[in-house]
Amino acid sequence: MGELIQVILPVFSVLGLGFLAVRRDVFREEWIEGLMQFAQRFALPLLLFRAISTMDLHQLLEWRVIVSYYAGATAVFALGILGARLLFGRDWQDSIVIGFACLFANTLLLGLPITERAYGSAALVANYTIISIHSPFCYALGITTMEIARSRSAGVWSTAGSIAKAMLRNTLILGILAGFVVNLTGLPQPEIFVQSVDLLVRTALPVALFALGGVLARYRPEGDLRTIAFIGAMSLLVHPTLSWGMATAVGLDRDAVRSVILTASSAPGINAFLFANIYGRAKRVAASAVLMGTAGSLLTTSLWLALLP
């Protein structure tokens, strides 16, 4: 138990410090916004660029990791929609937002630092495999499903094209793509550039965790608590369980299994609320699911770490 606490508490302590700093008005919300912008637009894209540009692509694009994680993710998306519709009587559009909250785990700000703390930076190959297609996969699935439900005149393909353009303006996606380009082409990187990138990369996770805590301080637990608890169960328990079963079925090695499970057990990310905000549906539930799921993951992450070989 002591070892588990040493792994988890530093991550959640930094997050909690950001939360308390904003709640106690020690740190202004606009400062938190600036930190989050720095993390998302500069430090985290460079972290992904550096990792992907230097990795063996045969390891990075391990199909068994992708199948293990995303089979579970797709299953909880479907279960989330059906549960919201059949158990809680939500309409289809609300149900899709709730399913998206089950689907979109915080792979970058929680899954990555927890895996690194638990097993070291050498164990992060599978994490980067998952992260490299996470936003494109989740948004493509969520938006396509929502547009089918809405039956808008623009059509699914037109909407998908708009989303693709938006993704190409996302600096996280650009960092991933640039990493693949450098890796595939062997483009030389000047030493001064590498050292500068490494300096920024070291700030990425602590700054992002502190900023995430500050962002969560804006929210209050509101909405249907049963629905919020359902999202938490799907995200923190069902997704990692399904992914573990799939990882076992495809014969994934121990290190990759650890990364897949810890990433799958991450709480819903801020993008769950952003998706709800885009469509103006189930916003209170999505925001509360992010907040309460992050708090609940402190306990469930301990459980998964204890169970993992």
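Structure notes:
- Conditions (1) assigned to a helix (DSSP H, G or I); (2) surrounded by fewer than 21 Cβ atoms within 10 Å (Cβ to Cβ); number of the one not met by residue 188: (1)
- Here residue 210 clears all of (1) at pLDDT 90 or above; (2) within 24 Å of residue 70 (Cβ to Cβ); (3) among the hydrophobic types (A, V, I, L, M, F, W, C); (4) under 24 Å from the mean Cα position of the chain (by Cα) except the condition numbered (2).
- Some residue of region 52-75 being on the phi > 0 side of the Ramachandran plot and either free of Cβ contacts under 8 Å to residues at least 24 places away in the same chain or open to solvent by less than 40 Å² (accessible area, probe 1.4 Å) (or both): no
- Unique residue being over 20 Å from residue 125 (Cβ atoms) and either of a type in the set (A, V, I, L, M, F, W, C) or touching a Leu at 6+ places or on another chain (Cβ under 7 Å) (or both) when the list is 217, 204, 264, 256: 217
- Test result for residue 50, out of contact with any Leu (no Cβ under 7 Å at 6 or more places or on another chain) and within 24 Å of residue 218 (Cβ to Cβ): no
- Scanning region 254-273 turns up no residue that is open to solvent by 50 Å² or more (accessible area, probe 1.4 Å), closer than 28 Å to residue 18 by Cα and modelled with pLDDT under 95.
- Taken together, the residues in region 76-95 that are of a type in the set (Lys, Arg) and either open to solvent by less than 60 Å² (accessible area, probe 1.4 Å) or within 15 Å of residue 265 (Cβ to Cβ) (or both) amount to 1.
- Against the conditions (1) modelled with pLDDT of 90 or more; (2) out of contact with any strand residue (DSSP E or B) (no Cβ under 7 Å at 6 or more places or on another chain); (3) not aromatic (Phe, Trp, Tyr), residue 293 satisfies every one except (2).
- Failed criterion for residue 222 (all others in (1) part of a helix (DSSP H, G or I); (2) in contact with a Ser or Thr (Cβ under 9 Å, 6 or more places away or on another chain); (3) surrounded by fewer than 24 Cβ atoms within 10 Å (Cβ to Cβ); (4) not hydroxyl-bearing (Ser, Thr, Tyr) hold): (1)
- Verdict on residue 109 being closer than 24 Å to residue 170 by Cβ, touching a helix residue (DSSP H, G or I) at 6+ places or on another chain (Cβ under 9 Å) and of a type in the set (A, V, I, L, M, F, W, C): yes
- Considering 111, 99, the condition of being more than 19 Å from residue 39 (Cα to Cα) and in a helix (DSSP H, G or I) is satisfied by 99 alone.
- Taking region 114-127 as the range and being surrounded by fewer than 23 Cβ atoms within 10 Å (Cβ to Cβ) and part of a helix (DSSP H, G or I) as the test, the residues that pass are 116, 117, 118, 119, 121, 122, 123, 125.
- Filtered residue count, region 171-226, keeping only those that are under 20 Å from residue 270 (Cβ atoms) and without any contact (Cβ under 8 Å) to a residue 60 or more places away in the chain: 1
The values are calculated or read from the model by the stated rules, or taken from the named source; none is laboratory data. This structure is a prediction, so every number in the text was calculated from the model and none was measured. When we count neighbours, we look across all protein chains shown, and the Cβ atoms used for this are built from the backbone with ideal geometry, even at glycine. With ligands, DNA and RNA removed, areas are computed over all heavy atoms of the protein, side chains included. Shrake-Rupley method; radii C 1.70, N 1.55, O 1.52, S 1.80 Å.
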